[in-house]
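Here the structure is laid out as structure tokens; the discussion comes afterwards.
The values are calculated or read from the model by the stated rules, or taken from the named source; none is laboratory data. Just so we're clear, the structure is a prediction, and the values are computed from it rather than from any experiment. Note that each Cβ is placed from the backbone with ideal geometry, even for glycine, and that neighbours are counted across all protein chains shown. These area figures cover heavy atoms from the full protein model, side chains too; ligands, DNA and RNA do not enter into them. Shrake-Rupley method; radii C 1.70, N 1.55, O 1.52, S 1.80 Å.
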Amino acid sequence: MDYKLLFAKVDELYNEYLKVLEDVCNIESPTLFKAGVDAVGEYFRDMAKERGWKVEVFEQEVVGNVVIITMNSDVNAPPICFSGHIDTVHPVGLFGDPPTRSDEEKIYAPGALDCKGGVVASFLAMDALDRCGFRGRPVMLLIQSDEENGSSKSGHATINYICERAKDAIAFLNTEPSNDGKVVVERKGILRYDFKIHGMAQHSSICYKNAANAIAEAAYKIIELEKLKDADGLTCNCGVISGGTVANTVAEWCSFQADIRFSTYDEMKEAERIVRELSDRSFVEGCSCEVTQIGSRPPMVRDEMNELLLEKIREINSSVGLQDLKPVKENGGSDAAYTTQHGIPTLDNFGVRGGGIHSVREYVIKRSLAESAKQLAAVAWYIK
């Protein structure tokens with residue numbers, strides 16, 4: 001089929017899917033609000049059933065359910081997979097009521113960019129492919145439900161299920177926000193720790209006697225961790241802290257959380273060593289420390305498998321008039337790291353364009369919904 005007919009079908013459906021994006025963004029779905037996440041999943045399930053596509057649900061108790069939608073499920077060929085997440089970081093009510101608003105160029109809404117826009121673009125691509133008679137291979141949309149916390153609340157059950165269902169894919173295109181002409185082939189991994197400091201309480205008037213200030217101990221440790229600021233290597237941000245009771249009492253306890261990013265598994269081991277040594281070291285006499293790892297995500301390591309996939313897509317883009325794609329590295333984590341780790345050819349950032357990610361200013365550039373769908377549909381149709 002002439003790719004121009006496929007792209008014309010995307011344009012024909014574009015306004016309908018702008019409404020879909022507004023609908024799903026009006027259903028607020030922070031990660032731990034299971035009812036909201038499941039309501040978004042149900043919306044896509046109903047749309048898929050209307051089109052006669054196969055729907056699978058991986059039920060969860062704490063977080064939202066994973067939803068997998070397959071078009072051409074009866075075709076015996078390696079599938080192509082699109083993926084995105086429908087959980088957000090925004091507390092319910094942050095964007096007002098209703099949470100979605102738009103102008104001529106943009107849609108402003110919680111999770112519109114990260115990553116509901118990518119899921120809607122994927123569905124639009126599948127709809128256009130279906131209406132144009134594409135039967136070359138199964139096309140799967142894997143909708144993740146707890147990506148924003150690294151799948152920690154599901155014990156990684158959600159992402160492990162997605163990797164298992166996608167294991168035979170010819171390509172896995174993750175729809176984190178697009179960076180306009182760039183495709184992500186490498187990402188940092190994440191280690192997240194909770195430090196609990198124990199001290200000795202005392203009246204502040206005699207803070208120099210039989211006292212050990214846990215807040216001071218935490219401050220020394222934070223300063224050491226904050227020295228990790230290598231854009232290409234280890235970085236650390238200590239973003240949460242609490243401790244003490246009142247100003248005239250030496251703090252008996254303090255806790256803080258550290259987010260460490262790394263590019264390689266060797267760097268991961270180095271980060272683990274630093275954390276262990278810092279936990280064992282006391283800067284304030286009388287203080288002790290307990291450290292618990294509360295989250296982790298592997299790095300997306302640049303490899304030949306993903307490089308070959310990129311070359312295939314660049315060739316497709318050249319033949320259908322889409323822009324060339326430049327491989328880049330990003331420091332943020334995503335599910336693309338897990339699928340790469342499982343040996344599935346993976347590239348990231350095929351979603352929509354916009355800005356204000358993870359803030360009350362989050363928005364999507366409307367036209368990018370069609371742009372993303374055309375890119376995804378072209379890969380599905382032409383990849384060999």
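Setting aside same-chain residues fewer than 8 positions from K196, which lysines have a Cα under 24 Å from its Cα? By straight Cα distance, K196 reaches K153, K209, K221, K227, K229, K269. Beta bridges from DSSP with both residues in region 51-205: antiparallel share about 55 percent, rounded to the nearest 5.
For the chain, carbon and sulfur atoms together expose 49% of the accessible surface, with a 1.4 angstrom probe and every protein chain in place. By definition, a body whose alpha carbon gyration tensor gives a ≥ b ≥ c is oblate when a/c is 1.5 or more and a/b is not larger than b/c, and region 330-384 fits this oblate description. If you fit an axis through the alpha-carbon atoms of helix 34-50 and take the longest principal axis of the Cα set of the chain, what angle between them do you get, 0 to 90°, nearest 10? On a 0 to 90 degree scale, this one is about 10.
Ignoring everything except DSSP H segments at least 4 long, calculate the 222 nm mean residue ellipticity for the chain; use -39,500 (n - 2.57) per segment, divide by total residues, nearest 500. Intermediate results must be reported in sequence, preceding the final value.
Numbers: 9 runs with 132 residues, N = 384.
That comes out to -11000 deg cm²/dmol.
Give, in nm to one decimal, the length gained when the segment between Y265 and A231 is fully stretched (0.36 nm per residue of separation minus the Cα-Cα distance).
On the way: separation 34, 0.36 × 34 = 12.24 nm, distance 1.60 nm.
Gain in length upon complete extension: 10.6 nm.
Taking every C-alpha pair closer than 8 Å and separated by at least 6 residues, the mean separation divided by the residue count of the chain gives a relative contact order of 23 percent.
Among 63-72, 253-262, how do they line up by average Cβ neighbours within 10 Å per residue, starting with the highest? Intermediate values should be presented prior to the final figure.
Details: 63-72: 23.9, 253-262: 21.4.
Output ranking for 63-72, 253-262: 63-72, 253-262.
Residues whose amide H falls under 5 Å from that of A251, counting only those 5 or more places apart or on a different chain, are A214, I215, with hydrogens built in the peptide plane.
Per residue, the accessible area of region 183-335 comes to 52 Å² when a 1.4 Å probe rolls over the protein heavy atoms. Of V89, V246, V119, the residue with the greatest mean-square motion in the GNM of the chain, using alpha carbon springs below 10 Å, is V246. Principal-axis analysis of the Cα atoms of the chain puts helix 214-225 at an angle of about 50° to the longest axis. Between S73 and Y43, the C-beta separation translates, for a Förster distance of 30 Å, into a calculated FRET efficiency of about 0.90. At full extension, L5 and V240 could sit 79.4 nm farther apart than now, given 0.36 nm per residue minus the alpha carbon distance.
The Y208 and E272 beta-carbon pair, evaluated with R₀ = 56 Å, returns a calculated FRET efficiency of approximately 0.95. As a size descriptor, the averaged projected area of the C-alpha convex hull of region 210-304 was calculated at 6.8 nm². Would you mind checking the tilt of helix 367-382 against the longest principal axis of the Cα atoms of the chain, expressed as 0 to 90 degrees and rounded to 10? Value to nearest ten degrees: 70.
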